[in-house]
Each structure stands twice: as C-alpha cells, then as structure tokens.
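Working notes, structure below.
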Amino acid sequence: MAEGLYTKRFDGRTFEECRPMTAKVGVVPSADGSASFETGDTKAIAVVRGPRTLHPQHMQNPRTGILRVSYGMMPFSVWDRIRPGPSRRSEEIGKVSEWALSSVVDLSGFPNTVVDVFIQIPKADAGTRVAGLNAAAMALAHAGLPMKEMLSAIAAGKADKTLLVDVDKAEEDFHDGEGATDIPLAITSRSKEIALLQLDGKISPEELTTSIEMAKKACDDILKVQMEALKNAGVQNG
Amino acid sequence: MAEKTRQIVIPGETICTGNEFLPGDGAYRDKTDIVANRYGIANVFEKHVKVTPVTGAYYPRRGNTMIATIVDITFNGWLLDFGGAGNAFLPVSEVSRYVNKNEMKEFLDFGESVIVKVWDVKARGVDASMKMRGFGKIEGGMILTVGPNKVPRIIGREGSMVKMIKDATGCNVTVGQNGKVWVSGNDTGMEVATKKIIEFITENATIAGLTAKVENFIKDMGLKNNKPEIIAENTDEDKATEEVEN
Amino acid sequence: MGEYVMPNLQREKIEEYLDEAGKRLDGRNANEHRVIIVEDDISPAAASAIRVKVGKTEVLCGVHLAPTTPYPDSPDEGTFMTGVELHPMASQQFDIGRPKINAIELGRVVDRGIRESGFIDFKGLCIEKGEKVWQVFVDIIAINDDGNLLDVSGIAALIALGRARMPVYNEEEGRAEHEFTTNGIPLNKKAMSLNMTFHQVGKTIVTDVSKEEEHISKFRVSIAIGDNDGKPRITAMQKGKAGTINVTAMQDVLKSAEETWKELFPKIKEYAFN
C-alpha cells in the first residue's frame, strides 16, 4: 500500500498501529490524582495537585479555578543528558498541553484556586508530549475533577511519502526523500475535536486531512487503554 | 420502578440514554444522552443520574463534619486547615461559649485541633461552626489522614465498620468527611493498633468482602472484641461519627 | 506550596510514644529502617536508571556518562556531578522552578557522601590525559515524599552507580555511542560509603524518619559510613536544622549509626553489585 522510500516500519508495525501501550492510575500516593502512560520506550508520569488556593492573591480568578501545566523530561530519559529545570522547549510544550487540557476540564466550581498538572518523562523515544497528555487526562480524571470529556493524543506523521501514526524516534529522524513530518494531535473523546495540533515537516493539505483521520482512529485505541486503567482502578469500589 | 445500577464511568462516557433521565451531580445532558462529567461511580436511581467521585481532593459541603487544625487567629475568629483548598473560617460567634476577643488564643491556640461542622461554602471560603453538641476542641490521641473517598468504607454500613474497630481496640474513632480520622484511647499501643486497622481498610478499600477481611485482620492482631466502657460514656463522639454518613 | 500543618496533639503523641515506648506511630522501633525496594530499567538511554522505594517515599535515579575535557588541575581524572530535584509532583511542599536551598543541600550531602569516600575511581574515568575524561552525572528526582528523601536519594545514587554500564566510546569522534558495553563504570567498591540520617524526635534518636517525624525533629545528623576492614569508618557528616546536639544525643546518634550501618550496608552492597 505504501509508496516511496518507507514501505515497512522499522519495528514491524502497520502504519495505522500504535506501539504497545500500558496505562496506570494512582502512581503517586501523595497526589490528588496521578497516572502513567507508556507507549514503546516512551513513558510519561502525570501528577495532579489541587484545587488549592492560588498565591499570590492577585493571580486569583474569582470566576474560575486556573489550570497550570508543566512538562519536563528527566535528565536520563534520552541519550544526551537533559539539564534539569525549565527550558524554552519544555515551557512551550507545557503551555500547549495546558490549552489542550483546559478545553476539557471545567474549574468554574473552584474560584480563586489553581490545579497543577506536572508531566514528567522518565524515558523518551519520541511522542513525549502526546504521552504526557494521555497521562495528564487520566490524572485529571483520577483527581475527580469535572471534565466534560476525556482526551487522547497521538503523534501522526509522515516518513517520505508514507503516512503513519505513533511516530518513534527512528521515524522522526527519517531523512530520505521527503523526510519526516511530525504532527502531534490531541482529540477529545466525545466531540472528537482537535485540542492540540502542532506540525513540523512537509505535507500536503490532502495528506494532512488523511493524517488527522488516522490520528482519530489511533486515539480511539488510546482511549480504550486510558478507560481500562481508570475502570480497573475503581472497579471494586462499589 | 426503583432500579439502581452502579458502574464506573469516565468523563465523557454515556451513562444512559433517554429524555426521561435527569442528570444530577457529576453528569450532564448531551441531546438524549446522560454523560459523565467526572470519573466515579454512576448511580441511576429512579431516573436520576449522578456520579460519585472515588478519588481526588476533598470539597467541603454544607453539613459536613471536619477534623481541622488552627493555622491562624484573626480578630474575629480562627483559620482552620482541613486538608483542602484554602482554609475554613471559624467565627468567634460559632463556638460553644462566649470568648473575649483578647483571650481567643487561650480558647483555641495555633496547632490545636477541632471537630467542626461546615455551615456555609462560598466562593471566598468555607465557614465552620462548633456550637452544636459533639463538636469542639479535641485533645490527645492522633489524627490519621485517609482521604475523603475512603470515609464511607471506614464508617461502613450504618457505622458497622467503625463500631467493629472501636469494639476491638477500645479507642474512640471519629471520622471527618474531610478524610481525617481522630483516634483517641487510654493506651497509645491501642491507638496504634486502631491506626493499623484503619490503614488496612484504606489499602483494601476496593476489595469485595472487606468486612470479613477486617474481622480476620483484627483477629490476627490478637485483639478481642471486648466492649470498652469508654464508648458508652462518650456519646458525643459517636454522634459526630454517625453524622458523617450520608 | 502549602505549609505543612502538624496538629499539636500529633506532635505530642509521636514524641510521647517514642520517649515512653521507643516506638513509632507506624509500629517501627526507633532505629528501624523501612523496607527498600529497587526496580531496574527505568530508561534504556541511561547508563543505569532505577526506581527506589522506601515505604511510600520514592525516587528515580539515573546515571549518565559523557566525554568531556578534564579540569586543568586534574588532567587524568574524570568528573562527577549530582543533581537532586525535589519536584513538586512529589510533595505539596515543593515548588516548581530553580532548585531551592533544600534541594541544593540535599544534592550536596549526597554528592559529598559519594565523592569524599573515594567510591568513584576518577583516574579510571580518564580516556586521554589532559584531553578527554568521562563525566559522570547522577540525577535524582523525587516522585513521592513520605520522609527521609535524603537517605533514599543517597541509597539510589549508590545503587545506580553500582549498576551503571560504560557507554561504547567512539574514539574518532570523541563521543559516546548510543550503546553500552557490559562493563561497569570504574568504582572502588570497597570504598563505598552509605549516608544515613538520624533525627532527634522528642528525646529519642530516630532512624529513617517519616514525613511527620521529619517535620517535628529538633535536629538531624547525616553520617556517611564506609567499611574499614569490617569496621565502620565515617567519611562525611552534616548537621541540619536549628536545634543543638548534646553529648548524650551525639553518642546515641553514633550508636544508632553503627547499628543501622551494620544492618543496611550489606543490603545496599547486594543491590549495587549483585
């Protein structure tokens, strides 16, 4: 089916197939909500703390609580050590993740408060921001916060002429032909709308439309994994 | 037909479909669907649908019993930490006796703990009261943090679990809906035993047949079910505990 | 960054039970350590990356090696750096952003415990004298704080170093390949030193503090102890918090340190080098 230079995936997956996924909630006992999400050699931990009163007071919003998302890669997550602490990259990813999650979380019932989401990446083989969002959506649900729906995220992409989903590092580094295109996307679980979209590479509008459709299908698979983790954690509670 | 079904739902999940259903807490309507607005247990009772959270932080509600600690003293009341967002306010007018504004510290000092009732929840904060019987300052014993979602398990059906613990250890056990438990007895060893039992319950809260398991756990600890005299006298604490049940 | 609120009655109960029964609210004796659990393979890109859990306290720790230019005053020695992040995910009391003094002090105490013992064979990390040496990074990230992050971090660092593998070195390009050898990194295993922290709670010296005990203690003393032919030898120390230590307390600390070391040190060695 695939034309061009990338006809068979390095790890043998089909082009519509995600890497093996695992998800878990309640990974950090002292938090209000927490979850981990793993796909291949990429893993994200997300921790939710709050709502709690926001300080300084002038930052407070009397109409709603504020969602604050931070993202960071652990120093040993990749081959070249990452310096701990915020970087321009991590700040940007934190912000786009915050926008994505804010579209499903409703904090209007908690005025003057803040809800913190901390996303950390202990191991990385591309797709860390989308793994982070998958974990964060679960952690927010686990924190019992009002959410009108869930959210799942995937890096769709293209290697030379071939469209695919769940791009790994080797594919992200594909240089032949048209090279690699990386499209991180977050899709809401019920309305199926786009909550995060970034693109880096070269792609035609038609190909992008197809990519988004492929991403939506992949997100359905991811949602099942997220859902199962949440349901298992609470299943005997009743 | 008063059918009642319970299932774990996630945000955005359709709980049931039909115009006859009414969304309550934690649910909303999307056309003919009733959809979960949070993660938790969906309860459908006489066409009324609500989702009860099973995890997450504590949100005070009017009428809740809380175990809290004084973190600040203002000119007209006390600020209480209850383990939630912000602090609760206990006005000087909401305590059991008249307190002169010069002797507020003598009545309740920094770090002292109280059992209070939530009488109002506003955007700006939570107001508390301890005028009623069964509420007031607590001394001695220890405070355990179990989290708000474990509270129903610790209390048990009609207070059965908490009674079992009390009978086994002879300690008073007061459960606040804010997920704090005050354990107080004559002997610290027994208080620690009580703590162990409560921790066993919180760690196994999701397991079916919990009561029997707790019974065995108590037996394995070598504790007998002897009813201590102290419980009979202290009906106030019992009352506070009972009020925790919904 | 909520202030940690400790009810007075709780503080009194903890102190009273320790002073009267020598016991703690979690049932432990004053000098009893919680069980240590170690998990491997946290990140395939690290020379080693592990998870260490002590009770509910949990850290991730990774070791990373990279070729670098040596310092002019030690041209044939590798370099070593420890970073500790008290990430806000781990506790309501930790802030985001630059490391605050608590994280800095913790990192330095862990660093000193390793560096001063001579555990790392710095000369063995030399690739070419004056030109290239290996730089060893130990990064520790707190995941959940339930007390004694100081010792848990130190334990994690030792075990991670013990389990680390040397990267394959590309001589032509002077860099590490994305591949590891089966060799460990150069260590003087006999010189390993274990950092243990003791707090005075009430009148009692307590090992491996819980979060509550840590909060109410009068002072803490960290002691790094190594093995001198079967006898304990102190290699680094640090006193923390504002309280002062009297003669009896100091003796109690040393006694507890020796006991804890005898019990713990072989276990840590087993974890690090098994």
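The values are calculated or read from the model by the stated rules, or taken from the named source; none is laboratory data. Since the model is a prediction, treat every value here as computed from it, not as a measurement. Ideal geometry is used to build each Cβ from the backbone, glycine not excepted, and the neighbour counts take in all protein chains shown.
Descriptive notes on the structure:
- Residue selected from region A:27-63 under the condition assigned to a loop (DSSP other than H, G, I, E, B), crowded, with 18+ Cβ neighbours inside 10 Å and not aliphatic (A, V, I, L, M), by the criterion farthest from the other protein chains (Cβ to nearest Cβ): A:40
- Some residue of region C:74-81 being assigned to a loop (DSSP other than H, G, I, E, B), polar (S, T, N, Q) and within 30 Å of residue A:57 (Cα to Cα): no
- Among the residues of region B:66-76, those identified as assigned to a strand (DSSP E or B) and either among the polar types (S, T, N, Q) or buried (at least 21 other Cβ atoms within 10 Å of the Cβ) (or both) are B:66, B:67, B:68, B:69, B:70, B:74.
- Among the residues of region A:38-92, those identified as over 20 Å from residue C:58 (Cα atoms) and basic (Lys, Arg) are A:52, A:63, A:68, A:81, A:83, A:88, A:89.
- Condition check for residue A:181: hydroxyl-bearing (Ser, Thr, Tyr) and within 13 Å of another protein chain (Cβ to nearest Cβ): no
- Counting only residues that are part of a loop (DSSP other than H, G, I, E, B) and either facing another protein chain (nearest Cβ under 7 Å) or on the phi > 0 side of the Ramachandran plot (or both), region A:105-130 holds 5 of them.
- Filtered residues of region C:16-39 (kept if assigned to a helix (DSSP H, G or I) and either buried (at least 17 other Cβ atoms within 10 Å of the Cβ) or small (Gly, Ala, Ser) (or both)): C:17, C:18, C:21
- Test result for residue B:23, more than 25 Å from residue A:25 (Cα to Cα), surrounded by 17 or more Cβ atoms within 10 Å (Cβ to Cβ) and not assigned by TED's automatic domain parsing to the domain that holds residue B:110: yes
- Qualifying residue in region B:33-43 (condition: charged (D, E, K, R), part of a loop (DSSP other than H, G, I, E, B) and in contact with a Pro (Cβ under 9 Å, 6 or more places away or on another chain)): yes
- Sole exception among (1) acidic (Asp, Glu); (2) without any contact (Cβ under 8 Å) to a residue 60 or more places away in the chain; (3) more than 14 Å from every other protein chain (Cβ to nearest Cβ) for residue C:151, by number: (2)
- Going through (1) buried (at least 19 other Cβ atoms within 10 Å of the Cβ); (2) out of contact with any Asp or Glu (no Cβ under 9 Å at 6 or more places or on another chain); (3) closer than 27 Å to residue A:55 by Cα one by one, residue B:81 falls short only on (2).
- Qualifying positions in region B:116-132 - without any contact (Cβ under 8 Å) to a residue 40 or more places away in the chain and farther than 12 Å from residue B:91 by Cα: B:122, B:123, B:124, B:125, B:132
- Condition check for residue C:109: within 29 Å of residue A:48 (Cα to Cα) and either touching a Ser or Thr at 6+ places or on another chain (Cβ under 9 Å) or more than 9 Å from every other protein chain (Cβ to nearest Cβ) (or both): no
- Those residues of region C:188-208 which are crowded, with 22+ Cβ neighbours inside 10 Å and within 19 Å of the chain's Cα centre (by Cα), in sequence order: C:192, C:193, C:194, C:195, C:196, C:197, C:198, C:199, C:206, C:207, C:208
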